[in-house]
Amino acid sequence: MATASEIATAAARTDVRNRWWLATPALLIVLLAAIGPLVVVVLYSFMVKGDYGDVKYWQFSLDGWFSVIFERDVFDDTLKLADAHLIILWRSVKLSLITTLVTLLLGFPTAYFIATRDRRWRDFWLFLVTLPFWTNLLIRTFAIQEVFRNEGVVNSALLQLGVIKRPLQIMFTDVGIFLGMAYVYLPLMVLPLYASIERFDFRFAEAAADLYASNFNVLRRIIIPMMRPGIIAGSILVFIPSLGAYVTPRLLGGGRNLMLGNLIELQFGQGRNWPLGSALSITLTGGVMLALLVYVRAASKSGSGQHG
Amino acid sequence: MARRHSVRRQRGFTTIALLCFVLLYLPIGTMVVFAFNAGTTVGAIEGLSLRWFVTAWNNESVIEATLRSLTVAPIAAFVATIAATMAALATTRTASYRGLAFKVAFINQPLMVPEIVTAVALLVVFSRVKVWTGYTGIGYLIAAHIAFCIPFAFLPIRARLETMDLSLERAAADLYATPWKVFCRVTFPLLWPAILAGFMLAFVVSLDDVVITEFIKSAGQETLPTYMLGQLRRTVTPEMNAISTMFLALSIAVVTLFFFLSRKKD
């Protein structure tokens, strides 16, 4: 006869098995249409490039990875750094960092402002941030493009006011890409910051003020250090999509100012170098994973710091 | 009480915040205003009219792309929500078991990988499958959309389930309800706002997708966002503003609904 504990163990085992069946459809779909293809891309990055795109199957080579950084001279076959790629890699990292920093400087006061409103008004302001967040990225990029075009609102206004004599060339520059990314990703910064500030207990600030801390010192010594998890979360949420941005640099950077996402597209399109494109894709994914790792470590560190 | 206020006040924060709100809405506002421009440019207002909405309405490509978007998004969101609900039930309200963390990480994977990478990965695989099977229909789009919609539907449903305890389900089971009956009569009625929220998130995400669709669509399979992306390469007329404005109105409607649905909970 089975004992009560044996019955319980058997029931638990059935429960776990049922839970695997329940999750199977989701796991299968994600495997077939997301993770599986990613594995294929890893394989492709190690294959020989086909003459008209695609790859030559099961002919392995490191050329794809090699050409991320190096290129062979056409004439004397010597190696040199692939400047074009490095410039694009650097532009991606640089613009993503600047975007993150600027959205943080703008987003922190905004989140703080929302979190310190009355309950009723808080929802209203929060809604105003949420709305652009869920609005099509393409539409928002199009909107910001219209503002900064040579014949756009900003240039027309500045021309009429006589501040400038010729329209400012913002479109198709790095500045244009940065402005576009800062615009479309700002809500991603504000929302986690808000969540963090909303939970902040202002009695800490009052205690500091009682000890004659100025408001600026309260901000610097109390609020910002305690906001650390929110600040990191917001920064990661902006940095990651910026690094992999494709639509915004395509519309605002034009054909010359590529970012990593556009370079990847180029390899699968006109470049016809799928192994290189695959290697660049894995590089980008690696960069994102690295950023996430930094986030997880920083978040756990600041978590334990509060207890200690 | 007066002191409380002064501690919360930081010099310049309100100014920056209000500036941010203006900056967030100025471009969208401008875009909407120019949709009603009677002139043919997006540079100067030459009177108000609805002519560009009429132009868009009579543009067969626009209608076709819109209908395709409105076919793919509900199907993808529906299937993704069902799969996500099942997965959420499988990963909550239990003692930790082997594979639990793995399942959650696996399902959330599409969120971690940059869209452009998923797009080229699907391009690589689907272009092969298209050659092997000869099938070039809309199934690829739907399959891809379901996959990246699942984590978005999964998120709110799982969050809601984690706040629900099992006592009601246990009570129903004690009264000899079958597991399926327990789900239909107890779990689902309690969970449906979260399921609806998950569905709407998935719907919006599918409707908005441009990168993945752009890479895997076969010829003549434009959705509204990829159609717009193609048009934006050329000189734009206020017709684009009109299309964007209508798209915007649709998004706002769904988001507003979602916002109030998820607010009600607390």
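Only the coordinates and a few stated rules stand behind these numbers; no lab work does. This one's a predicted model, so the numbers in the text were calculated from it and none came from an experiment. A quick note on method: Cβ atoms are made from the backbone with ideal geometry, for glycine too, and the neighbour counts reach across all protein chains shown.
Quick look at the numbers
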{"read-out": "Rough spin-label spacing in nm, given labels placed 7 Å along Cα→Cβ, for A:Leu293 and B:Ala159", "value": "2.9"}
{"read-out": "Residue order, fewest to most beta carbons within 10 Å, for B:Arg234, A:Arg140", "value": "B:Arg234, A:Arg140"}
{"read-out": "Kirkwood hydrodynamic radius of segment A:77-199, from inverse mean 1/r over distinct Cα pairs, in Å", "value": "16.8"}
{"read-out": "Principal axis box of chain A, alpha-carbon based, largest edge first, Å", "value": "95, 75, 34"}
{"read-out": "Percentage of interatomic Cα-Cα distances in segment B:1-78 larger than 22 Å", "value": "59"}
{"read-out": "Charge dipole magnitude, Cβ of K and R +1, D and E -1 - chain B, Cα centre, debye nearest 20", "value": "1040"}
{"read-out": "Relative intensity, log₁₀ I(q)/I(0), of chain B from a Debye sum that treats every alpha carbon as a point, q = 0.16 Å⁻¹", "value": "-1.22"}
{"read-out": "Spin-label proximity, A:Arg72 to segment A:33-54 - amide N less than 19 Å from point 7 Å beyond Cα toward beta carbon", "value": "A:45-54"}
{"read-out": "Degrees separating the helix B:100-112 axis from the principal Cα axis of chain B, which is the longest one", "value": "0"}
{"read-out": "Cα lying deepest toward the dipole's positive end in segment B:70-164, options B:Phe102, B:Val120, B:Gly134, charges on Cβ", "value": "B:Phe102"}
{"read-out": "Segment B:61-264: relative contact order in percent, alpha carbon pairs under 8 Å with at least 6 residues between", "value": "36"}
{"read-out": "Sites A:Ala195 and A:Thr24 - FRET efficiency at Förster radius 35 Å, r taken between beta-carbons, to 0.05", "value": "0.60"}
{"read-out": "Fraction of beta bridges assigned by DSSP in the protein assembly as shown that are antiparallel (%, nearest 5)", "value": "90"}
{"read-out": "Burial ranking of peptide ranges B:187-195, A:237-245, A:32-40 (average Cβ count within 10 Å, highest at the top)", "value": "A:237-245, A:32-40, B:187-195"}
{"read-out": "Degrees between helix B:238-264 axis and first principal axis of chain B (Cα, 0 to 90, nearest 10)", "value": "20"}
{"read-out": "Violating pairs (Cα-Cα greater than 26 angstrom) within the set A:Lys56/B:Lys130; A:Lys49/A:Lys94; A:Lys56/B:Lys217; A:Lys80/B:Lys217; A:Lys49/B:Lys217", "value": "A:Lys49/A:Lys94; A:Lys80/B:Lys217"}
{"read-out": "Segment B:187-261 - convex hull of alpha carbons, volume per residue in Å³", "value": "106"}
{"read-out": "Span-like helix ranges in chain A, DSSP H, alpha carbon extent 18 angstrom or more, Kyte mean at least -1.0", "value": "A:4-30, A:83-115, A:119-134, A:174-198, A:228-243, A:274-307"}
{"read-out": "Rough spin-label spacing in nm, given labels placed 7 Å along Cα→Cβ, for B:Asn108 and A:Lys56", "value": "4.3"}
{"read-out": "B:Thr41 versus A:Val48: modelled label distance in nm, points set 7 Å from Cα along the beta carbon direction", "value": "5.7"}
{"read-out": "Scattering curve values for the protein assembly as shown, log₁₀ I(q)/I(0), Debye with Cα scatterers, q = 0.12 Å⁻¹", "value": "-1.35"}
{"read-out": "Helical contribution to [θ] at 222 nm, DSSP H n ≥ 4, -39,500 (n - 2.57), averaged over chain A, rounded to 500", "value": "-23000 deg cm²/dmol"}
{"read-out": "Loop sites in segment B:172-217: chymotrypsin sites (Phe, Trp or Tyr not before Pro), DSSP, at most 11 other Cβ within 10 Å", "value": "B:Tyr176"}
{"read-out": "Segment A:41-112: chymotrypsin sites (Phe, Trp or Tyr not before Pro) in DSSP loop, at most 10 other beta carbons within 10 Å", "value": "A:Tyr52, A:Phe75"}
{"read-out": "Semi-axis lengths (Å, descending) of the ellipsoid that matches the C-alpha gyration tensor of segment A:144-287", "value": "39, 26, 10"}
{"read-out": "Compactness of segment A:69-111, expressed as Rg and Dmax over alpha-carbon positions, Å", "value": "17.9, 58"}
{"read-out": "Two-site FRET efficiency, B:Tyr176 against A:Asp123, from Cβ-Cβ distance with R₀ of 45 Å, rounded to 0.05", "value": "0.50"}
{"read-out": "Most mobile listed residue (B:Cys184, B:Cys149, B:Cys20) in chain B, GNM with C-alpha springs under 10 Å", "value": "B:Cys20"}
{"read-out": "Whole-number D in µm² s⁻¹ for segment A:1-44, Kirkwood Cα-pair radius fed into Stokes-Einstein, 37 °C, 0.692 mPa s", "value": "254"}
{"read-out": "Förster radius 51 Å - calculated FRET efficiency between B:Leu18 and B:Leu70 (Cβ-Cβ, nearest 0.05)", "value": "0.85"}
